[in-house]
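Here is the structure we will look at, set down as structure tokens.
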Amino acid sequence: MDDRNMDTSSSPSFDVSHDHPKSIIHIDIDCFYAQVEMLKNPELRSQPLGIQQKNIVVTSNYEARKFGVTKCMLVTDALKVCPNLKLVNGEDLHDYRAASNKIFLLLQSWKCPVEKLGMDENFIDVTNLVQEKLKTNMDNITIPGHLYSEPSIDCPCGCHIRLKIASQIANEMRKRIYDDLGLTTCAGISHNKLLAKLICPLHKPNDQTTIYPEHGSSFMSTLPSVRTIPSIGTKTTEALISHKIISVRDLQEVPLDVIKEYFSSDMAVRLKNLSMGEDNTPVRQSGRPQSIGLEDSFKTVSVKSEVEEKFTALLQRLLILVGEDGRIPVSLRVTLRKKDVKRLSSHRESRQCQISSSLFTINSGSVSVTEGGQQKLMSIIMRLFNKLIDLTKPFHLTLVGLAFTKFQERMTGRGSIVNYLMNDLSVQSVLNITNDCDTSASSMDYSAASPSSSTTTDLSDAEVEPSPKKPKKVTWIAKRRCLSREDVASPSKLKVGELRLNSRELEKVSELRLNSRDKSLTPRASPARDMSETSDNLRDIAEGGVCDDCPSYVDKDVFNALPEEMKNELKAMWKNSSNSEMPRASTRNMNKSKPNTLLKYFVPQK
Ligand code: TTP
Ligand code: MG
């Protein structure tokens, strides 16, 4: 179907000499919280439904939208336009998060990089999958849903056929999400993330839109505000508006040199490119969040006991999240937003400290706080609070927040390296396993466009439900699409590939390691001693070890539990290391250059 009411001419500046090799899908769940509630209670389907957080309707179903209920409307206003609006409290994010994780997991079954954005959006880079499908007969394929505009040129790079295939994949994905989870979605399909995201909501709900590269800039010119562009945040918008650059078309038309007067050269180029629909940010495989936190905002709290109550409630909820996450927290941050009554302004302040991992226990992959642990955490929280607030003077807070900001990567449990492997993430080599789950903000901050809740902010949106257990058989799967023939033939030569290890087997390895660690643990006097002991172990590696095949520090039980390929890989490495390929690095250097290597499985740790 063609969107003829849009400005669909191909851009005069469109350069056919540029390739458009990628195929990106953006999927957004329709009225996400409302759909989750309607799944829980199907009676709500036929009624106008609003999801309430404090005094705001954060979203509503499409039935309510017909009456003019919009996102982030005050409850009072929503009830004015829709007196029959059924309101459901949406402050407990648990079910939304669970649904979000299920969608993310489902999308991973296509074996393409999936980047989770907030709770209900995902980017999927289907470039490789499209290439594979291209090898089969792909004549006469049609585009499901909508095409932004019919092709106006025959782009020589072949992007049109690729995007057609991508739009079919998007359709399959949406169908699976609906069949398996009962949720309807929208999708945008394009050669970059920017256009895929922006074209996605063009036909809502339950539909999809594909856009070809040559229509990128004309589509962008229809966007009324520069703020619509994902990586343009409030400050950049304000700066642009102050120079009378309001719409995306304004940004397209203003000469680059003029923008360079207001922004750095790089930023100016980036802004111009974005306005033309150009974006080369990669889809980054999402992983676990770097921190898990919760915040609660309110009008004002000025009494310590009330603050304590707020923190107690937050901590309780936060411990549930940590329990599900499966990693043991080792650092805690307290955040306050202080109101300066004289200046009528607010500002945030945070303090954090390390916490003992002994406050938590881990059982079947789930973390729980020990008896008395919660009380200890509360006293740590209040100590941090006391550091932030001078209690001899009056104080006024408008927000309190708690976050666990660092985690101990245990070898068992859901946060273990087992899961990183299970999630099919790229690894650099068998001997240098690097968690590729970059949860830090990507160079293009797509989150800028998604307003966060004005009431309770869940910082753990990027959280990912662990993969389900895999079958027992131990298998290393070197995925051929990532490896050259020689690489596959010789595992020890693996450079870049995806390796999947059976979860049970790895957990066995991990547990063994933990057991042997526990057994071998001797009281340690100080961190300095830790360091020297580890250095000794590394010296063993460098000197080739004392046993035939492996160095002395290697736990044989652990080694024996490894798959053959991995054993051979390690043996080869140890052999090489005795030929002085292994640098005589200090622990410090070692850790710096290889933050998460397999070697660490064998080195006793504290
Ligand atoms: P959106 O994707 O913006 O909205 P939506 O999924 O409800 O509706 P649409 O069909 O237009 O995509 O946000 C996803 C969820 O995030 C939404 O269901 C509720 C929540 N949310 C907030 O908590 N605060 C907010 O300010 C907004 C906009 C959404
Ligand atoms: Mg949505």
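Sparse packing (at most 11 other Cβ atoms within 10 Å of the Cβ) combined with a DSSP loop state is found for the following trypsin sites (Lys or Arg not before Pro) in the range 103-163: 135.
For the range 223-275, rounded, prolate or oblate, judged on the Cα gyration tensor with a ≥ b ≥ c (square roots of eigenvalues), a/c < 1.5 rounded, else prolate if a/b > b/c? Rounded shape, in that the Cα axes give a/c under 1.5.
The alpha carbon centroids of the range 288-325 and the range 212-241 are separated by 36 Å. Subtracting the Cα-Cα distance of residue 356 and residue 304 from their residue separation scaled by 0.36 nm leaves 16.2 nm. Derived scalar couplings between HN and Hα for the range 258-263 equal 5, 5, 5, 6, 9, 10 Hz in order, rounded to whole Hz, by the Karplus curve 6.51 cos²θ - 1.76 cosθ + 1.60 (θ = phi - 60°), x for Gly and Pro. Extension gain, residue 134 to residue 341, is 68.1 nm, computed as 0.36 nm per intervening residue step minus the present C-alpha separation. In order along the range 208-217, phi translates into HN-Hα couplings of 8, 9, 10, 10, 7, x, 5, 9, x, 6 Hz, rounded to whole numbers, per the Karplus curve 6.51 cos²θ - 1.76 cosθ + 1.60 with θ = phi - 60° and x for Gly and Pro.
Taking every DSSP bridge with both residues inside the range 54-211, close to 55 percent are antiparallel.
Residues whose amide H falls under 5 Å from that of residue 117, counting only those 5 or more places apart or on a different chain, are 122, 123, with hydrogens built in the peptide plane.
What translational D, rounded to a whole number of µm²/s, comes out for the range 167-279 from Stokes-Einstein when the hydrodynamic radius is the Kirkwood one over Cα pairs, at 10 °C and 1.306 mPa s? D, rounded to a whole number, is 105 µm²/s. Holding the Cα-Cα limit at 22 Å, pick out from 54/80; 244/342; 338/376 the pairs that are longer than that. Over 22 Å apart, Cα to Cα: 244/342; 338/376.
Taken per residue, the accessible surface of the range 223-275 reaches 52 Å², heavy atoms only and a 1.4 Å probe.
Around the amide H of residue 184, modelled in the peptide plane, lie the amide H atoms of 30, all under 5 Å away and 5 or more residues distant in sequence or on another chain.
Taking amide H positions as modeled 1.01 Å from N, with prolines and chain starts lacking one, the residues under 5 Å from residue 399 and 5 or more places away or on another chain are 298, 337.
The values are calculated or read from the model by the stated rules, or taken from the named source; none is laboratory data. All figures in this text were calculated on a predicted structure; none of them were measured in a lab. With ideal geometry, Cβ positions are generated from the backbone for all residues, glycine too; neighbour counts draw on all protein chains shown. Accessible surface is based on the protein model in full, side chains and every heavy atom, while ligands, DNA and RNA are left aside. Shrake-Rupley method; radii C 1.70, N 1.55, O 1.52, S 1.80 Å.
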